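The values are calculated or read from the model by the stated rules, or taken from the named source; none is laboratory data. None of the values given here were measured: they were computed from a predicted structure. Note that each Cβ is placed from the backbone with ideal geometry, even for glycine, and that neighbours are counted across all protein chains shown. Just the protein is used for accessible areas: all its heavy atoms, side chains included, with ligands, DNA and RNA removed. Shrake-Rupley method; radii C 1.70, N 1.55, O 1.52, S 1.80 Å.
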Amino acid sequence: MSQAKRLARLATTTTCVLTGSLLTAAMGCDRQPPAESVDPVQLELVARFDTDATPAAAPWGSIIDVELRADGSVFVVDGLSRTLSAFDSSGVPLAHFGGRGRGPGELEGPAGLTWDPDGHLWVVDLGTGRLSAFGPNGELVTTVQATGATPFTPLAIRFTTPSSLRVVALDFSGGSPEQPMAVLVDLAVAENTVEPVGLAPMPFVRWPDLFDFRTDDIALLMVVPFSPEPLFGIDPSGHLWYGDGASGRVDRWVVADSFDVASVQDASPLPVTSTDIQATLEGNPDIEELEVTGGASAVAELMERIPENHPRIEGFFFGDDESIWVMRSAAEAEGDERAIDVFDGSGQLMGIARAPLAATPRPRMRDGWLVGVMRDELGVESVALFRVQM
């Protein structure tokens, strides 16, 4: 059965139509209630911990992803040390495993975490092209190798059955390294391999604006500051969600000519100020390199490309109750606390939470627990665990 026919079964009702793509958006059309008319969602900080809690481990240099069990235990994968750390809901260390290498259970380039229906934690490793599954104590359960043709960079990932994995990935085969094609891929996970069994292109994705500076001797390519990133997610039911940071919309998509429901985030534009631009210029190694190689005129040309407004949203994640949590731009945060709009599965605004969480890596929710990464003014990372009270 084709990917289009399989995913068409997800469509149940029709509201307002967006056509022109194999992937069709399901958009909630009703206006949302004003923010002051909805209740706040309370997040109670239960534990906050960093690598000081695991003195035998290498310091976290770049947290790639976090995951969460229903009992509140937390799993953290670090891209610098290539290790995973597990903690209980009080922040007490439970296990430390992985490590740099290509042997069983070792990692070269961890890129994402996800659970399978049997409760195993899977790690996507771009460095080896493998997926490794671990048990609750860090014991290696199995390792499968991706085929050479598998689009594998996981922008979003989730098991839909014990042997089926759905991934939003980058496909460089038909485009340029600067503007690859985003694709929705269904992967079959077998005993020793993982291979694609269905693929749908996503031509509607809006990529960040790129500034390309070239001379006879130099080529520099960089993202224009404040350009919104495309946002992807796969909900617990296996549905694809796409967020457009510029418009502030988060929509559910299916491969079909019809669709069902989606969430819409209706955030007001927030202008990029001269203070914002100055803060971006200071200490930015890419811009410093551009100034050295291209001079003030090249920097001025880049500045002319800066959008008028900040991205309206910077990320989203899902609750296991089918809720969608949409993270507003950090530029409108009150102090360190970012506003997070909470919608039900039909796109109705239920409440607003506030927390000092980064949008990447994506926070996770399970059974009333929420975990995410926090960064201080120096960029030092820690992990925070909350109890959700709605």
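Is at least one residue of segment 195-216 in a strand (DSSP E or B), free of Cβ contacts under 8 Å to residues at least 12 places away in the same chain and either of a type in the set (Lys, Arg) or closer than 19 Å to residue 111 by Cβ (or both)?
There is at least one residue in segment 195-216 that is in a strand (DSSP E or B), free of Cβ contacts under 8 Å to residues at least 12 places away in the same chain and either of a type in the set (Lys, Arg) or closer than 19 Å to residue 111 by Cβ (or both).
Being touching a His at 6+ places or on another chain (Cβ under 9 Å) and in a strand (DSSP E or B): is that true of residue 142 here? Working first, answer last.
Details: touching a His at 6+ places or on another chain (Cβ under 9 Å): yes; in a strand (DSSP E or B): yes.
Answer is yes for this residue.
I'm told residue 187 meets every condition in (1) modelled with pLDDT of 90 or more; (2) farther than 18 Å from residue 125 by Cβ; (3) open to solvent by less than 50 Å² (accessible area, probe 1.4 Å) except one. Can you identify the failing condition by its number?
Condition (2) is where residue 187 drops out.
Here are some conditions: (1) farther than 25 Å from residue 239 by Cβ; (2) open to solvent by less than 60 Å² (accessible area, probe 1.4 Å); (3) not polar (S, T, N, Q). Residue 319 meets all but one. Which one does it not meet?
(1)
For residues that are open to solvent by 20 Å² or more (accessible area, probe 1.4 Å) and in a strand (DSSP E or B), scanning just segment 98-109, find the one that is farthest from residue 122 (Cα to Cα).
The residue in question is 100.
The conditions are (1) surrounded by fewer than 17 Cβ atoms within 10 Å (Cβ to Cβ); (2) more than 17 Å from residue 240 (Cα to Cα), and residue 150 fails exactly one of them. Which is it?
Answer for residue 150: the failing condition is (1).
Regarding segment 158-180, can at least one residue be identified that is part of a strand (DSSP E or B) and exposed (fewer than 14 other Cβ atoms within 10 Å of the Cβ)?
Start the filter on segment 158-180 by keeping residues that are part of a strand (DSSP E or B), which leaves 158-161, 164-171.
The next check asks that each one be exposed (fewer than 14 other Cβ atoms within 10 Å of the Cβ); those that pass are 161.
Taking every residue of segment 158-180 in turn, at least one turns out to be part of a strand (DSSP E or B) and exposed (fewer than 14 other Cβ atoms within 10 Å of the Cβ).
Can you name every residue in segment 248-283 that is part of a loop (DSSP other than H, G, I, E, B), open to solvent by less than 40 Å² (accessible area, probe 1.4 Å) and at pLDDT 60 or above? Give the derivation first.
Our first condition is that a residue be part of a loop (DSSP other than H, G, I, E, B); within segment 248-283, this holds for 248, 256-263, 265-270, 272-273, 282-283.
Checking which are open to solvent by less than 40 Å² (accessible area, probe 1.4 Å) leaves us with 248, 256, 259-260, 262-263, 265, 267, 272.
Those that are part of a loop (DSSP other than H, G, I, E, B), open to solvent by less than 40 Å² (accessible area, probe 1.4 Å) and at pLDDT 60 or above: 248, 272.
Using beta carbons and a limit of 7 Å, which pairs, at least six apart or on different chains, have the first residue in segment 281-298 and touching a residue at least 24 places away in the same chain (Cβ under 8 Å) and over 21 Å from residue 379 (Cβ atoms) and the second one among the β-branched types (Val, Ile, Thr) and in a helix (DSSP H, G or I)?
From segment 281-298, the pairs are 290/299.
Out of curiosity, is residue 345 within 24 Å of residue 251 (Cβ to Cβ) and surrounded by 23 or more Cβ atoms within 10 Å (Cβ to Cβ)? Explain how you work it out, then say what you get.
Values: within 24 Å of residue 251 (Cβ to Cβ): yes; surrounded by 23 or more Cβ atoms within 10 Å (Cβ to Cβ): no.
Judged against the criteria, residue 345 is not a match.
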